[in-house]
Amino acid sequence: MNTSTFRTAVVHTPNGPGSIEIISVPVVRPGPGQVRVGIAGAPVNPVDLGVADGFFHTIGLIDQPEYTGLGWEFAGTVLDAGPGVDLEIGTRVAGMVGGFDRDYGTYAEQVVVPVAGLAVVPDGLDLITASTVPVNGLAAVQMLDLLGDAPADSHRLLVTGAAGAVGGYLLALAPERGWEVTGLARPEDEEFVRSLGVRFASHAEPGWDAVADAASLQERALEVVRDGGRFVGVKPNAVPATERGISVSAVETRPDGARLSDLLVRAASGGLPARVHSVVPLDSASDAHRAVAAGGVRGRYVLAP
Ligand SMILES: NC(=O)c1ccc[n+]([C@@H]2O[C@H](COP(=O)([O-])OP(=O)(O)OC[C@H]3O[C@@H](n4cnc5c(N)ncnc54)[C@H](OP(=O)(O)O)[C@@H]3O)[C@@H](O)[C@H]2O)c1
């Protein structure tokens, strides 16, 4: 293995899964407050499909001169620590890389990131499972921040996409904020939804006090919020227009090491449904994208370099 370069997945001209290329680039030393992490696993998320097929280029969020890195989250071990970082080499960590416009992501053998956004992976949680928590766990937590605590007299929350990553985490976390949760999912997902101790629906009637729209149904989900209720979505660049006095917002997930640490502890104890579909080599990123694009996948494809 060449220790002066590392392998990473990028798209030069985005055109779907077939446009993903693995390139070798120079290793970078971490700067102050940064660490270099050797990646054990990097999940394939819906956002990565949008980067590879050019959607985010089309709407102006990506304007890269040459190529764009793929992958938003990871778990691995610390290889190298920059000045001011108090983490031992070999420490198991997980984290996320935010922002669309970038040369490199987590579909890679290694990544350099600020230590502030990282969390130590607790004993009892393997790195592959841990890698599936950061982006979607933090998305769920930050959506609940936007929704706030449930008022005592109007606490019925519908979570769309309840069998997905964000949706599953919302089902586990929303009851702690006082919400009485119903998960909207496909009929075949009923067992998973109910296993988290919440109600299940395969069809939503209007009248919900709040909707957390993890399926990104947008206006269709807003329609079933009662007058004066709350809606939180997952598309910060396409927030539905407010109507009928409903408060409308959308999450833009940001790194948060302290809250990620809490989420990883929950995942280790079984309190958060972190699910892995399968582990595939980094070289199979294109195939994994095709499989995810076909829909119906439960749990994450995780790329292992
Ligand atoms: N803004 C942010 O910071 C942020 C952060 C994280 C995620 N996100 C976004 O949040 C969304 C969810 O992410 P995820 O990782 O949870 O995705 P996911 O794991 O693919 O889950 C989405 C779930 O929604 C279901 N679904 C989609 N359309 C449906 C419909 N019409 N009726 C019923 N179920 C439907 C899917 O079922 P099928 O597979 O059967 O279709 C799947 O179970 C994505 O759009 C993602 O890009 C945004």
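The values are calculated or read from the model by the stated rules, or taken from the named source; none is laboratory data. Bear in mind the structure is a predicted one, so any value in this text is a computation, not a measurement. Here the Cβ is made from the backbone with ideal geometry for all residues, glycine too, and neighbour counts use every protein chain on show. To get the accessible areas, we keep the full protein, side chains included, count just its heavy atoms, and leave off ligands, DNA and RNA. Shrake-Rupley method; radii C 1.70, N 1.55, O 1.52, S 1.80 Å.
Return the residue satisfying two criteria in turn: it lies in the stretch 197-222 and is open to solvent by 50 Å² or more (accessible area, probe 1.4 Å) and in contact with a helix residue (DSSP H, G or I) (Cβ under 9 Å, 6 or more places away or on another chain), and of such residues it is nearest to the ligand (Cβ to nearest atom).
Quick first cut of the stretch 197-222, residues open to solvent by 50 Å² or more (accessible area, probe 1.4 Å) only: 197, 199, 202-203, 205-206, 219-220.
Now narrow it down to the ones that are in contact with a helix residue (DSSP H, G or I) (Cβ under 9 Å, 6 or more places away or on another chain): 197, 199, 202.
Numbers: GLY197: 19, ARG199: 16, SER202: 8 Å.
Going through the qualifying residues, I end up with SER202.
Within the group THR91, THR106, which residue is over 17 Å from THR132 (Cα atoms), in the same structural domain as ASN45 (by TED's automatic domain parsing) and not aromatic (Phe, Trp, Tyr)? Explain how you work it out, then say what you get.
Values: THR106 fails: over 17 Å from THR132 (Cα atoms).
Residue meeting the stated conditions: THR91.
Please verify whether VAL121 is of a type in the set (Val, Ile, Thr), away from the ligand (no atom under 14 Å from the Cβ) and open to solvent by less than 10 Å² (accessible area, probe 1.4 Å), treating the condition exactly as stated.
Working: of a type in the set (Val, Ile, Thr): yes; away from the ligand (no atom under 14 Å from the Cβ): yes; open to solvent by less than 10 Å² (accessible area, probe 1.4 Å): yes.
Yes, satisfied.
All but one of (1) under 30 Å from GLY84 (Cβ atoms); (2) touching a helix residue (DSSP H, G or I) at 6+ places or on another chain (Cβ under 6 Å) hold for PRO17; state the number of the condition that does not hold.
Every listed condition holds for PRO17 apart from (1).
Have a look at GLY71, GLY33 and point out the one that is at positive phi, touching a strand residue (DSSP E or B) at 6+ places or on another chain (Cβ under 8 Å) and surrounded by 20 or more Cβ atoms within 10 Å (Cβ to Cβ).
Checking each option against the conditions leaves just GLY71.
Which residues, taken from the stretch 128-169, are in a strand (DSSP E or B), more than 9 Å from the ligand (Cβ to nearest atom) and either surrounded by fewer than 24 Cβ atoms within 10 Å (Cβ to Cβ) or hydroxyl-bearing (Ser, Thr, Tyr) (or both)?
Once the filter is applied, which keeps residues that are in a strand (DSSP E or B), more than 9 Å from the ligand (Cβ to nearest atom) and either surrounded by fewer than 24 Cβ atoms within 10 Å (Cβ to Cβ) or hydroxyl-bearing (Ser, Thr, Tyr) (or both), the stretch 128-169 yields only ARG156.
Could you identify the single residue in GLY233, GLY295 that is of a type outside the set (Phe, Trp, Tyr), assigned by TED's automatic domain parsing to the domain that holds LEU49 and within 11 Å of the ligand (Cβ to nearest atom)?
Values: GLY233 fails: assigned by TED's automatic domain parsing to the domain that holds LEU49.
After ruling out the rest, the residue left standing is GLY295.
Select the strands (runs of 3 or more DSSP E) contained entirely in the stretch 15-94, then report the ones holding at least 1 residues which are of a type in the set (Lys, Arg) and in contact (Cβ under 8 Å) with a residue 12 or more places away in the chain. Reasoning before the result, please.
Numbers: elements: 20-26, 34-43, 73-81.
Strands (runs of 3 or more DSSP E) meeting the threshold: 34-43.
Based on this model, can you work out whether VAL27 counts as closer than 26 Å to ALA274 by Cβ, hydrophobic (A, V, I, L, M, F, W, C) and in contact with a strand residue (DSSP E or B) (Cβ under 7 Å, 6 or more places away or on another chain)?
Here the answer is no, as VAL27 does not meet what is asked.
Please go through the stretch 249-261 and give me each residue that is under 18 Å from GLY167 (Cα atoms) and either modelled with pLDDT under 95 or not in a loop (DSSP other than H, G, I, E, B) (or both), ordered by number.
Correct list: SER249, ALA250, ARG259, LEU260.
Take the stretch 254-292 and flag every residue that is among the charged types (D, E, K, R) and either within 16 Å of the ligand (Cβ to nearest atom) or under 30 Å from GLY18 (Cα atoms) (or both).
ARG254, ASP256, ARG259, ARG275, ASP283, ASP287, ARG290
Given the options VAL251, VAL225, name the one that is under 28 Å from ILE59 (Cβ atoms), within 14 Å of the ligand (Cβ to nearest atom) and open to solvent by less than 80 Å² (accessible area, probe 1.4 Å). Write out each step before concluding.
On the way: VAL225 fails: within 14 Å of the ligand (Cβ to nearest atom).
Selected residue: VAL251, the only one of VAL251, VAL225 that is under 28 Å from ILE59 (Cβ atoms), within 14 Å of the ligand (Cβ to nearest atom) and open to solvent by less than 80 Å² (accessible area, probe 1.4 Å).
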